[in-house]
Amino acid sequence: MKPLITLIITGLAYGGAETQLVNLATRLKKRGWDVHVVSMLPPQAFAEELAEAGIPLATLNMRRGVPDPRAVFRLVKILRQWRPDIVHSHMVHANLLARIARMFYKVPVVISTAHNINEGGRLREVAYRLTDFLADLTTNVSQAAVSRYIQVGAAPKNKIIFIPNGIDTCRFQFKQKDRLRLRDEFQLTGKFVWLAVGRFEEAKDYPNLLRALKKVVPKRDGVVLLIAGQGTLFEDIKGMAYSLDLDEKIRFLGVRRDIPELMSAADAYVMSSAWEGLPMVLLEAAACELPIVATDVGGNGEIVLDGFNGYLVPPRNPEALASAMLKMMSLSENERGAMGRAGREHIEANYSLDHVVDRWEDLYRDLLRKKGVSRSR
């Protein structure tokens with residue numbers, strides 16, 4: 001058995017960062033690493049998947065939006081019990097908590113992974129800077145985010161690197177049988193189907209998408225937008241769709257477990273985010289050979305190569321988003337298919353899950369070697 005890794009995350013729900021952590025945990029476990037997981041909030045998802053993989057899961061039972069200093073000591077108690085060689089935290093709250101816990105329990109290696117170009121404002125960036133000495137390394141999921149963290153002083157240049165999210169390209173691939181089945185189930189024959197997947201939160205800027213769709217609908221018949229996800233703004237966005245007279249053009253699907261199948265059923269993917277890190281859902285859409293229209297924020301431009309496998313537009317600009325959507329719809333099916341295949345090739349070459357996990361393993365070994373940790377369990 002290889003050294004023990006404890007992965008810590010703010011919460012476990014059906015989001016991109018959470019999916020990435022679970023994918024990393026289960027793949028490392030298969031490769032022989034001893035992996036444990038801590039969720040600050042009570043888990044809402046993935047508990048069964050981790051249990052089936054034989055990965056212990058603990059929670060600090062914190063409440064969202066309620067600071068609780070006692071969580072530091074709960075985490076320290078867990079770390080003393082598990083005695084990890086590496087603590088690898090994900091997302092801002094878990095990153096800061098893991099660093100503070102190191103003051104009370106001396107973990108050999110602490111890695112902090114940020115999953116966004118903006119994790120919530122200047123105070124959090126200052127907190128990163130002040131606690132940097134408690135981490136061995138910070139990583140971020142896009143090169144654009146790494147550059148910004150250095151620029152604003154959240155991390156020094158010599159202690160932050162780029163490691164992207166990884167995608168399971170076997171699970172996420174186009175399947176004609178799924179396309180035919182779901183288009184029949186949703187009665188989408190003859191429709192141009194846009195798909196958006198993501199939480200109903202401010203960062204995703206669904207109002208931008210709805211305003212863009214309002215401009216698209218009068219110019220193209222048969223447009224349908226499928227949106228999969230849930231979140232605090234769900235009812236607000238549904239109300240906005242009704243007020244814009246778009247309720248018959250949008251299907252709100254809620255939380256779905258068949259995202260690869262939905263991507264096979266769609267004709268194109270659209271992302272209207274105001275800010276991002278390196279969104280998993282864009283990797284998934286590209287792997288499923290969907291041409292993409294996305295806002296040029298965070299690492300989106302590292303996935304969507306403008307004019308190659310999709311189009312990039314400025315954020316918070318529904319006119320530009322609508323124009324790019326219409327441009328995509330004006331292409332022939334063969335042209336969109338070529339874009340989709342180009343996107344798939346780009347993902348396979350740069351973002352496959354096995355390739356990314358290889359990079360994490362190399363990093364873990366290198367940091368352990370530098371700390372003189374060589375024991376295995």
Is there a residue being surrounded by fewer than 17 Cβ atoms within 10 Å (Cβ to Cβ) and closer than 21 Å to His346 by Cβ anywhere in the stretch 183-194? no
Under 8 Å by Cβ, and 6 or more places apart or on different chains, what pairs join a residue from the stretch 337-349 that is without any contact (Cβ under 8 Å) to a residue 60 or more places away in the chain with one that is among the aromatic types (Phe, Trp, Tyr)? Met339/Phe308; Ala342/Phe308; Gly343/Phe308
Yes or no: Leu233 within 30 Å of Asn95 (Cα to Cα) and in the same structural domain as Pro318 (by TED's automatic domain parsing)? yes
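Yes/no matrix, rows are residues, columns are (1) at pLDDT 95 or above; (2) buried (at least 20 other Cβ atoms within 10 Å of the Cβ):
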residue	(1), (2)
Ser89	yes, yes
Asn95	yes, yes
Ala98	yes, yes
Ala101	yes, yes
Phe104	yes, no
Ile111	yes, yes
His115	no, yes
Leu123	no, no
Val126	yes, no
Unmet requirement for Ser352, which otherwise passes all of (1) surrounded by 17 or more Cβ atoms within 10 Å (Cβ to Cβ); (2) polar (S, T, N, Q); (3) without any contact (Cβ under 8 Å) to a residue 40 or more places away in the chain: (3)
Determine which member of the set Glu248, Glu276, Glu302, Glu284 is farther than 20 Å from Leu180 by Cα and in a helix (DSSP H, G or I). Glu302
Identify the single condition in (1) crowded, with 17+ Cβ neighbours inside 10 Å; (2) small (Gly, Ala, Ser); (3) in a loop (DSSP other than H, G, I, E, B) that Gly54 does not satisfy, given that it satisfies every other one. (1)
Listed residues Leu326, Leu367, Leu363; which is touching a residue at least 12 places away in the same chain (Cβ under 8 Å), part of a helix (DSSP H, G or I) and under 30 Å from Arg179 (Cβ atoms)? Leu326
Within the stretch 110-143, restricting to residues that are assigned to a loop (DSSP other than H, G, I, E, B) and small (Gly, Ala, Ser), the one that is nearest to Leu24 (Cα to Cα) is Ser142
Those residues that are more than 23 Å from Lys370 (Cβ to Cβ) and part of a helix (DSSP H, G or I), I need them from the stretch 144-173; list them, please. Ala144, Ala145, Ser147, Arg148, Gln151, Val152
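The values are calculated or read from the model by the stated rules, or taken from the named source; none is laboratory data. Predicted model only: the values in this text are computed from it and were never measured. Cβ atoms come from the backbone with ideal geometry, glycine included; neighbour counts cover every protein chain shown.
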